[in-house]
Every structure is written in C-alpha cells, then in structure tokens.
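J.: Before I ask anything, here is the structure I am working with.
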There are 4 protein chains.
Amino acid sequence: MSKIAFIGLGHMGLPMARNLLKAGHALKVYDLMQAAVDELAAEGALPARDARDAVAGCEVVVTMLPASRHVEGLLLGDDGLLAEIAAGSLLLECSTIAPESARKVHAVAKARGIEMLDAPVSGGTAGAAAGTLTFMVGGQAAALEKARPIFQAMGKNIFHAGPDGAGQVAKVCNNQLLAVQMIGTAESMALGVANGLDPAVLAEIMRQSSGGNWVLERYNPWPGVMPNAPASKEYEGGFMAELMAKDLGLAQETAQGSLSSTPMGALALQLYRLLLKQGKGRKDFSVVQKLFTE
Amino acid sequence: MSKIAFIGLGHMGLPMARNLLKAGHALKVYDLMQAAVDELAAEGALPARDARDAVAGCEVVVTMLPASRHVEGLLLGDDGLLAEIAAGSLLLECSTIAPESARKVHAVAKARGIEMLDAPVSGGTAGAAAGTLTFMVGGQAAALEKARPIFQAMGKNIFHAGPDGAGQVAKVCNNQLLAVQMIGTAESMALGVANGLDPAVLAEIMRQSSGGNWVLERYNPWPGVMPNAPASKEYEGGFMAELMAKDLGLAQETAQGSLSSTPMGALALQLYRLLLKQGKGRKDFSVVQKLFTE
Amino acid sequence: MSKIAFIGLGHMGLPMARNLLKAGHALKVYDLMQAAVDELAAEGALPARDARDAVAGCEVVVTMLPASRHVEGLLLGDDGLLAEIAAGSLLLECSTIAPESARKVHAVAKARGIEMLDAPVSGGTAGAAAGTLTFMVGGQAAALEKARPIFQAMGKNIFHAGPDGAGQVAKVCNNQLLAVQMIGTAESMALGVANGLDPAVLAEIMRQSSGGNWVLERYNPWPGVMPNAPASKEYEGGFMAELMAKDLGLAQETAQGSLSSTPMGALALQLYRLLLKQGKGRKDFSVVQKLFTE
Amino acid sequence: MSKIAFIGLGHMGLPMARNLLKAGHALKVYDLMQAAVDELAAEGALPARDARDAVAGCEVVVTMLPASRHVEGLLLGDDGLLAEIAAGSLLLECSTIAPESARKVHAVAKARGIEMLDAPVSGGTAGAAAGTLTFMVGGQAAALEKARPIFQAMGKNIFHAGPDGAGQVAKVCNNQLLAVQMIGTAESMALGVANGLDPAVLAEIMRQSSGGNWVLERYNPWPGVMPNAPASKEYEGGFMAELMAKDLGLAQETAQGSLSSTPMGALALQLYRLLLKQGKGRKDFSVVQKLFTE
C-alpha cells in the first residue's frame, strides 16, 4: 500500500480518492474547498493544510484539476509544487488538459527526477464512484506498471496510449469522436422520427446495423428510448455539455498545433457552443438532441 | 417454394437472386444486361425477355434497381409494370430510393391490390453473396410475415421499420449516421497520429471506450489497422464512396421534405463530393481518411 | 403597350402587376385569392375568372408563384396552361423555382411555339413596390429584348444570365452566397462584440475593408447599427428566414444534380432550419444573428 | 520627423519601413536576416546590431513579426525589449497576433510608461509597397493621434477599433469574414458554372446583386474573370492560404476565449487546412476555388 497525496477533490476527484482509501492506501488530501477535505478526513484520509503539506512525505501524488491553467499554475514555476515533490516519486496527473500542457509538466518533472504519467479518465462521475473509470495513460511503460495498482483501485480499463502527452491526445481524439457520434445519432433520430419512424424502433435498427455506436448502446439521446439514460431524466446527470465543449476546445487546440483538419469535430464544437448560449451547458451532453427537435 | 420474378441483376441483385435459387425458389430473371441474365440462366433460372415477361405468372416480384428514377420508370405510369403484376402478388422493392418515391409506388400498388414492401438492404456485395444482408422493411406487418422466408434466403437481420416508406427512411438514417461516424473516426485517427499516437493503439482505445462504433469494430479507415478492411487493400472493394454520396443525397432530400436540420449529415455529403471531385468515387467510402492525411 | 396576363398576385406579384398597370399596359389578372384580384381590378386591371380566362387574347403572360410544384402544376400536363397560350406569345416565368423545373417548362413552351424566359427576381417586397427589382433571366437573347420594356416597368437591373434555366441558376447562386455572407457577418459581429468591440465601429471597419459585402452596406444584422434595417425593427419586414431556407434548399437540389460540393451553402441551410425549429421562420433572415447572441 | 526603430523586415515589414524612410523619418532597423537590414541600410536606414541596439535612443518603435510567440518572446520576460524602451516612447505593434497576447504586452508596456498600440494591417504585400495598408488600431485614442502621421506614411485607412487588443479583434473578425466570403464565392461560382453559366456573367450578376462583396469587386477566385487577380496568375502572389489559415486559427483562439459559436469560420479553417494538406499553402488564398473544381 502506498502513501498517496491526492490534490483536487471535485466531482471526479472526491470519489476517486475515496476508492483509493477503500483499497487501503494511506491518503493525504487537499482541495481549495475545505468541505471536500473534511468529508474525506471523516472517512480516514489525512487532511492537508495546503498542496505543499499534502505532498510532503508521499511517494505518489495524484492531481485532478479542472483545466490546463490550474495544472500549470499548481505544478510549474519557481514556487510550483514540482519543486516540493521528492525525486523518485510518481506523479499521476489525471486532469483533462492540453497535450502541450501535459508535455511541459512532463519535461520539468523529468528534470527533477519525478516519474510522471498523464492519465486523463473517461467514465464520468458514475464511473468515478463505481471505480470503473478508463485511464488513458501517456509516459514510460515502466512508470505505468508501478502505477497500475493505484489506477486499478479507481478504474477498470487502463490503456497505455504512448509517450509523454499521449494519454491526453487519446482522450481528446476519443471525446471528439464521441461528440460527433452523439450529434450524428441525434440528427438521424430526429430525421427518422420526423419522417414517421418510432424512435425506439429506429434506435434498435441502427444499433444493430452499420450505424451502431456507443451512444446507441448506452446513451440514446431521445427521451424514453433508454429509461436510465440522461435523455429520459430531462438530461440531468451524466456528462455536462459544457465539459464536452471544453474537450472539443482541447481537440481544436491540439489540431491547431498539428494543422490537422477536423471538419466534423470543429462543427461539433460550434454546435455545443450554440447549446451553451441557450443556457443548456449544465445539462447532459445528449441534450444536443433538442437542437433538432424543438 | 415461390415463383419469383427478379428484376435488376447488378452487383447486388445478381448474388441476391442466386441465393433465392439456392434456397429452391423458381426464378424468372431480367436485366438490361443480357450477360447477367445468361449467368443466372446457366444456374437454373428462367430467363425473361423483358420485365413484363418476367412478372407473368409470378406471385412474388423482387426489384433491385439503382435509383428512384429507375424504380418509378419501371413500375409507374400508364405502361408501368404495376399494371402487369397480378393482384394479390407480393412486390419486394429492395432498391435504395427516396422514401417519397417508395410511397408513390406503394400507393399505386395498393390501388391495384398488390402487397408491397419497401425493403432496402445494407451489408454490401459481400453480404449479398453470403446471404447475410440486413433488410429494413416498410409496409404492412402481415405482408412482411409472408415475405420473411424470401428475405431470409438473402439476409440475416430483417427489421420491420414501420409503415409504407419506413424501410427507406431507416436506411437513410442509418447510412447518414454511418457516414458521419466514418468521417469522425477518420478525423480522430488523423489527429491522434499527427500528435504521435500509434494508429493501432488509438483505434483500440477508442473502440473500447465511448468513441466505440461499427467502423472501429469492422472497418477501420487507417491502412494496416485491420488487414481485411478496404483501407488495407488500397480502399478497393467494400462500399463505394459514390454510393455513400448517393445515400447522403437521399438523406438530404428526405430532410428537405421534413425541414429537418442535419448539419453533420450535410457536411458529410459535401466532403464525399470533394472526394468524388478528386476521382476517388469508386474507392471504398473509408477512403475519406485520405482527405485528412495526404 | 402590351396585353399582359398576370397570374399570381401574392406579396411579390401584386406590386409587380401594379407597376405594369402604372406603366400603361393592359392587364388581365388572376390569383386564387379573390381579394388580390379585386384590389387590382379597382386600379384598372381586368379581373379573370381563372388562369385560362386570363391568358385568352394576351400576347404576354407573367407568372409569379410560390414554388416548382405550383409552376409545373399550372403550366404542364394535358390540361396545363401552356396548351391555352397562343403560339408566338411571350411567357415570363418570374417564380423562384428549381432550374430543372424551369427547363421542363421551357421545353414544352418551345414545342408549342411560345417564347419563354425564366426570370426570377431579387429585391424583396420593397423592391417589388418601388419597381427596382433585379431580374436574372434565362432563355433566348432575342426574347429578352422583346421582354425588356416589361421587365423595366418592374425592375432596374435586368441581367441575361444565359440559356434556358440560367436565370434560376444565377438566382440560386446569388442567394446562397447572400446567406453565407449574412451568417458570416453575424458570426464576426458576435465574435467582435463578445471581445469588447463596439458593433457600429466593427461594422464600419469591415465594411470598408476586405470583409466588405452587401450585408454590411445595406442590411447589418446587429440591432441598432442601421436604423432602417430589419435588425433594428425586431427583424420584421424584409426577406423571411423561411424563404431563405427555401432558396438554400433549391441550391442544394441544384448541387445534387451536378454533384457540386458546397460546404458553406449546405451549412447555411442547416442553420436556417435550426432557426425555423425555433419559430423564427417568419422573421427577416438577418435574425440568424440571434443564434450567436442569445 | 521621428526617430523610429523598426524591427521585423519580412515581406510586409521591409516595404513598410521603406515607406517610413521615404517620408523622411530617421530609421534604425533590425531583422534576424542580415540581407534585409543591409537592403534598407543602402537606402538610408541605420542598421542595428540587435533589437536592443535598434530601440536605443528612439522615441517610436514599430514591430512587425510573424506570430504571438515571436512578439511575446521579443518584448516580454526579464530580458524582454520592453525593459529597454524608454518610458514615454510609443510602441506600434503591427504584427497579427492573438488579442490576448496583445493585451499581455499592453499591460507590461503600460506598467513601464510606454504608450502602446496594437495595430495589425490588412492589404497584403501590395498594399505595404504602395503605402495603402489599412491599420486596425487598439489602445488609447490619444496615442493613436500621436501615431497617426507614422501610420499615414504606410497606409491609407486608419481605424480606431477600441481599447487595448481591439485592433487584433477587428482584424480577426474581418479576416474570418473575408475567408467565409471567399469560400462562399468560390462555391457559388463552381455551382453556377457546373450548371451552365458563364463565369464572368455569373460573377457580374452577383457583384451587382445582394451577393456582392469585396471578393467579387477585386479578387474573383475563378481564373480569367479578373486578369489581374491571383486566380488568373495560377494563384501566385496575393495573400497566402497558409496565412489565411493562421488568421482563422487566431479567430478560433479568440472564439474559444469568449465561447463564441462561429460555424462558418470554423468550417473555413478546416477547409483551408485541407488545402494545406494538398500542398497549396503557399498559393494565394483564392486557390480554395480548386477544392470545388478539380
């Protein structure tokens, strides 16, 4: 069992940290929101006064923050946390950030003798709670082997995507494709229903045919087709449209770096921004269905 | 066993007719290309002089033609074939055409006492040869029950999509979604590889994650990821880009009728037309990968 | 002065007919709405009982109808009006319809010895009232010279676009470009204002720079920038979004015939359909600004 | 007459500096390429050894660099050039960069008592040579009045776009609109010609109608329509497609900051990236016409 510092106890970080506790690891936890720290302290974690305090004496550090600027702000710079983490430690940076940001952190960590992995997750808050997240990991294979038991306490599928930053690239590619499929599915559902088809029948035909995809398997955007999908609960819960817009923004930032052309991904981002304008940013991302039906 | 007239012996129709023969049905066949007629005659079908001759004395008529205008041209009008088909017969119209065209034919067939089903297929020439096509069927459920053994001789999944025309609507919705997913997959593959990922690794991560879809399961557009996919055979075989453009055109025609908004589907059509301009129309539709890599 | 039959007295047709009257032509008028007929009769036109009655004894026929199906329905077929119009007459078909429909009518007219021009207009109801419409004319140059005085009574710019159907093609190309520019202008206005610019200042800079266009000259979509533009009158008046959607649909129908790729035009259509879904179809087409601001 | 330091003597900077010389200003010039420095020295400028040397003793500094990172790299940081420029000086930053980068430089300049204007230009190398550039200026109105004679030596239209960064925002908005119009024009030209219209006739009709825009006035993308446009010279000269892709990338970066939705602008960027993939990045940006015709 490891001594682990866990920094960032939001909607995702808190249940992830809880699963590490349950797996028997010794945890020091920190977040700007004291309530989250207190909640985990009541469950057996050691509360840290600040991030510096959290990493003192820990051999593993897990960070789970909102965006590139928070990660760079915390870890880099003259007074950044990387200067406080002991050489030989393992840094598991699980935030979803720009691949370029991840690579900057990798470079500094490496210079200080810290083994780092960029390891963004997919699976949402439900996966975080259930300990069934997917980790897409970039960095050295040897570091991944050391980290594997820790990832396994929080997730189910652990993929080695490639070298430094590759975890973030894989996440961005996957989520861009997911958004394109969600919108594509919503369009075809709306088109079929407007032309007389029963939504459940159409969904089932496409699911079993060449239109089949993860959205049709688990997450149909048409209300009522899947009783447990967010679409059937007024688009509450799930993965918020504004977070999908964030990930699509990262995809475009990544595409800018490589001058890649991604017409579908770019259009998906613009359509999600229309939804944000309509005040639907905090609804589940399947709410894009409503663009085509109301 | 039924007496079946089969009209339209192209890349799809010929192997479909052959499977009916193999299943023991008595077949009269007709096509404008005499060679196709001769080929099936050598295998036991009765060659017809013309379409009128083909349907004479048959209780079931199967048509498999290129486009709406051929179907309307053959069946409708004062000298159309519907006037020659005996009342009480079953007409299985398997071409992929506009839902509106299908409904026109349904109306005339109904007036003449002919039971018609619109029953476009998916599965390509490979599925036609193997007898594993998917049929998406519009029309009366009772007619579908009569036709089921005939469809089963040619296909595996037989879906009742709904009333007259619904088979065509389901096909159009499914193929639009397939095109969107193919392009979305190709974009994410190109983006990931341009940012350092191994294509096979990225493909596998997305396949097992929320980006999963039929394209990633069976038909990866990146050369070499799947040895048997068209992408690994210089995009030969499979489903031609120009046929996907045709289906996307039908989707837009259908969307025009219902004033449905389908931004992804519309963009997919335009991108396929760019490929056609580049002379890639007769390559497999996964050739869209090349837009993003060369 | 000519004896002219004018059929179709809607928002456009009525003021056009009135301008012919004012110019001294003898007019027989017909519309399904008796009120429109009565209104012009009170101003000196001869009211016709039906379309057949209208064309009897006239040497020029002007038609101004909503869509392809109305034009084909009126003029073609065994009992179509082309059978009633005297050989040697001039038919000025001013509706905005599919080029293919226009060519069908041309072919039948030619066979009957009637000189036809397809002559769709632009300029909206304001231009129709003021007699400042633009005519985009397809057909024989000689016929256009005969028709010129009649067009000049209703419009200002009369362009000979080319052979049969070319007027419709030019109209469709122009209006597609107009829609693209309107949306492009609205996007740039919203982007600039969201980043701190004054809308009037930004509009003026772009107007005088390489972003300059007709929309910035006459029809700014940002409320208040131009006091007389529909945007400053809650998007009332002007050219309705649903008519722009119709024209963009004709553009896509035309592109389908030539397999032309028009990504911007296709996207414009889809965005206008989103507006229609939101109940803004009867607002001026500059209402697309709201997609990006609310 | 002023003592001016001019840093950045590329395709744009060199002719701009030359016009300042011609107007009688005393110029110290610097560029990484010694040849450019020598060229201007031969015309009367004082060659500087480095950027620091260039600004010493000057009351006005003009910078014209390729991108945000060059501008930030030159001016900011502990050893940045802003530390070398005398308080009370005027800094005219004419590069086209991200508004956010411009605002960073503004903030540091202000802290050091330097009056800065962000003043990107449009008009291309031809406008730079002729002294007819357009300047879009962000910053204090008083500073602009001081700078006006200097701008007037290089340009014709000088717009005050607004506060710090507003010049860059205006540039980005204008160029996004220009790209959208260029592609929209190219699409409509290709659609019309594919349907039988003469390109020169179509271009003229749209130019005089509601499709009118700067592209149709000066820069038609169809070869032969305008003898002096790049399209008639195999798309040589003018404004390179890769620079338009850069500006569209800045537009998307700006839109990301404000979560603005710009579907047309985003699509324009993706289409220009397709052109770059095809090796057409160094052709004039009207080369987008070829996407739709070959």
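The values are calculated or read from the model by the stated rules, or taken from the named source; none is laboratory data. Worth saying up front: this structure is predicted, and the values here are computed from it rather than measured. Note that we place each Cβ from the backbone using ideal geometry, even for glycine, and neighbour counts take in every protein chain shown. These accessible areas exclude ligands, DNA and RNA; they are computed on the full protein's heavy atoms, side chains included. Shrake-Rupley method; radii C 1.70, N 1.55, O 1.52, S 1.80 Å.
J.: With D:Ala86, D:Ala107 as the choices, which residue is outside any helix (DSSP H, G or I), surrounded by fewer than 17 Cβ atoms within 10 Å (Cβ to Cβ) and of a type in the set (A, V, I, L, M)?
T.: Being outside any helix (DSSP H, G or I), surrounded by fewer than 17 Cβ atoms within 10 Å (Cβ to Cβ) and of a type in the set (A, V, I, L, M) holds for just one of D:Ala86, D:Ala107, which is D:Ala86.
J.: Could you check the stretch A:82-100 and list, in sequence order, the residues that are of a type outside the set (Val, Ile, Thr) and touching a residue at least 40 places away in the same chain (Cβ under 8 Å)?
T.: A:Leu90, A:Leu92, A:Cys94, A:Ser95, A:Ala98, A:Pro99, A:Glu100
J.: Filter the stretch D:248-284 down to the residues that are within 22 Å of D:Trp222 (Cβ to Cβ) and in a loop (DSSP other than H, G, I, E, B), then identify the one that is farthest from the other protein chains (Cβ to nearest Cβ).
T.: Checked the stretch D:248-284; the qualifying residue farthest from the other protein chains (Cβ to nearest Cβ) is D:Lys283.
J.: Residues C:Arg69, C:Arg49: which one is open to solvent by 10 Å² or more (accessible area, probe 1.4 Å), free of Cβ contacts under 8 Å to residues at least 60 places away in the same chain, in a loop (DSSP other than H, G, I, E, B) and among the basic types (Lys, Arg)?
T.: C:Arg49
J.: Additional query: All but one of (1) at the interface with chain D (Cβ under 7 Å from one of its Cβ atoms); (2) over 15 Å from the mean Cα position of the chain (by Cα) hold for C:Ala231; which doesn't?
T.: (1)
J.: Mind telling me which of the residues D:Gly237, D:Gly212 ends up being more than 30 Å from D:Glu100 (Cβ to Cβ), in contact with a helix residue (DSSP H, G or I) (Cβ under 6 Å, 6 or more places away or on another chain) and at pLDDT below 95?
T.: D:Gly237
J.: So which residues in the stretch C:113-124 are buried (at least 17 other Cβ atoms within 10 Å of the Cβ) and out of contact with any Ser or Thr (no Cβ under 6 Å at 6 or more places or on another chain)?
T.: Within the stretch C:113-124, C:Glu115, C:Met116, C:Leu117, C:Asp118, C:Ala119, C:Val121, C:Gly124 qualify.
J.: In this structure, does B:Glu236 turn out to be open to solvent by 40 Å² or more (accessible area, probe 1.4 Å), facing another protein chain (nearest Cβ under 8 Å), touching a strand residue (DSSP E or B) at 6+ places or on another chain (Cβ under 8 Å) and not basic (Lys, Arg)?
T.: Taking the combined requirement at face value, the residue does not satisfy it.
J.: Could you check the stretch C:1-25 and list, in sequence order, the residues that are among the aliphatic types (A, V, I, L, M), in contact with a Phe, Trp or Tyr (Cβ under 9 Å, 6 or more places away or on another chain) and in a strand (DSSP E or B)?
T.: Those that are among the aliphatic types (A, V, I, L, M), in contact with a Phe, Trp or Tyr (Cβ under 9 Å, 6 or more places away or on another chain) and in a strand (DSSP E or B): C:Ala5, C:Ile7.
J.: Check B:Thr132, B:Thr125 and return the single one that is closer than 25 Å to B:Trp214 by Cα, assigned by TED's automatic domain parsing to the domain that holds B:Met64 and free of Cβ contacts under 8 Å to residues at least 60 places away in the same chain.
T.: When all the criteria are applied, what remains is B:Thr132.
J.: Here's another thing I want to ask about it. Where residues in the stretch A:135-148 are more than 14 Å from chain B (Cβ to nearest Cβ) and without any contact (Cβ under 8 Å) to a residue 60 or more places away in the chain, which of them is nearest to A:Ala17 (Cα to Cα)?
T.: Out of the qualifying residues, it is A:Arg148.
J.: Now, a different point. Pairs under 9 Å by beta carbon, first residue closer than 22 Å to C:Ser89 by Cα and open to solvent by less than 10 Å² (accessible area, probe 1.4 Å) in the stretch C:3-23, partner of a type in the set (Phe, Trp, Tyr) and part of a loop (DSSP other than H, G, I, E, B), six or more apart or different chains?
T.: The qualifying pairs do not exist here.
J.: In this structure, does B:Ala26 turn out to be over 19 Å from B:Glu84 (Cβ atoms), touching a strand residue (DSSP E or B) at 6+ places or on another chain (Cβ under 6 Å) and of a type in the set (Gly, Ala, Ser)?
T.: no
J.: Of everything in the stretch A:168-212, what is charged (D, E, K, R), more than 7 Å from chain B (Cβ to nearest Cβ) and within 26 Å of the chain's Cα centre (by Cα)? Give them in sequence order.
T.: Answer for the stretch A:168-212, where residues must be charged (D, E, K, R), more than 7 Å from chain B (Cβ to nearest Cβ) and within 26 Å of the chain's Cα centre (by Cα): A:Lys171, A:Arg207.
J.: Shifting gears a bit: For D:Glu242, only one of the following conditions fails: (1) within 21 Å of the chain's Cα centre (by Cα); (2) among the charged types (D, E, K, R); (3) within 11 Å of chain C (Cβ to nearest Cβ). What is its number?
T.: (3)
J.: Find the residue count for the stretch D:54-66, including only residues that are without any contact (Cβ under 8 Å) to a residue 60 or more places away in the chain, in contact with a Lys or Arg (Cβ under 9 Å, 6 or more places away or on another chain) and of a type outside the set (Asp, Glu).
T.: 6
J.: For A:Glu294, which of the numbered conditions (1) under 20 Å from the mean Cα position of the chain (by Cα); (2) free of Cβ contacts under 8 Å to residues at least 60 places away in the same chain fails to hold?
T.: It is condition (1) that A:Glu294 fails.
J.: So if I check each of B:Glu187, B:Glu242, B:Glu217, which one is within 30 Å of A:Val193 (Cβ to Cβ), open to solvent by less than 40 Å² (accessible area, probe 1.4 Å) and part of a helix (DSSP H, G or I)?
T.: None of the others qualify; the one that does is B:Glu187.
J.: Mind checking which residues of the stretch C:37-46 are charged (D, E, K, R) and either in a loop (DSSP other than H, G, I, E, B) or free of Cβ contacts under 8 Å to residues at least 12 places away in the same chain (or both)?
T.: Within the stretch C:37-46, C:Asp38, C:Glu43 qualify.
J.: Right, here's the next one. Cβ-Cβ below 6 Å, separation at least six or inter-chain, first residue in the stretch C:228-254 and more than 26 Å from B:Gln270 (Cα to Cα), second at pLDDT below 95 and in a helix (DSSP H, G or I): which pairs?
T.: Taking only residues 6 or more apart or on different chains, the pairs are C:Phe239/C:Gly124.
J.: Also, I was wondering about something else. Which of the residues belonging to the stretch C:105-139 are over 16 Å from C:Ile85 (Cβ atoms) and of a type outside the set (A, V, I, L, M, F, W, C)?
T.: The answer is C:Pro120, C:Ser122, C:Gly123, C:Gly124, C:Thr125, C:Gly127, C:Gly131, C:Thr132, C:Thr134, C:Gly138.
J.: Kindly list, by first and then second residue, each pair from a residue in the stretch A:275-287 that is buried (at least 21 other Cβ atoms within 10 Å of the Cβ) to a residue that is not in a loop (DSSP other than H, G, I, E, B), limited to pairs with Cβ atoms under 6 Å and residues at least 6 apart or on different chains.
T.: A:Leu275/A:Ala241; A:Lys283/A:Ala241; A:Asp284/A:Pro230; A:Phe285/A:Ala241; A:Phe285/A:Met244; A:Ser286/A:Pro230; A:Ser286/A:Ala231; A:Val287/A:Ala241
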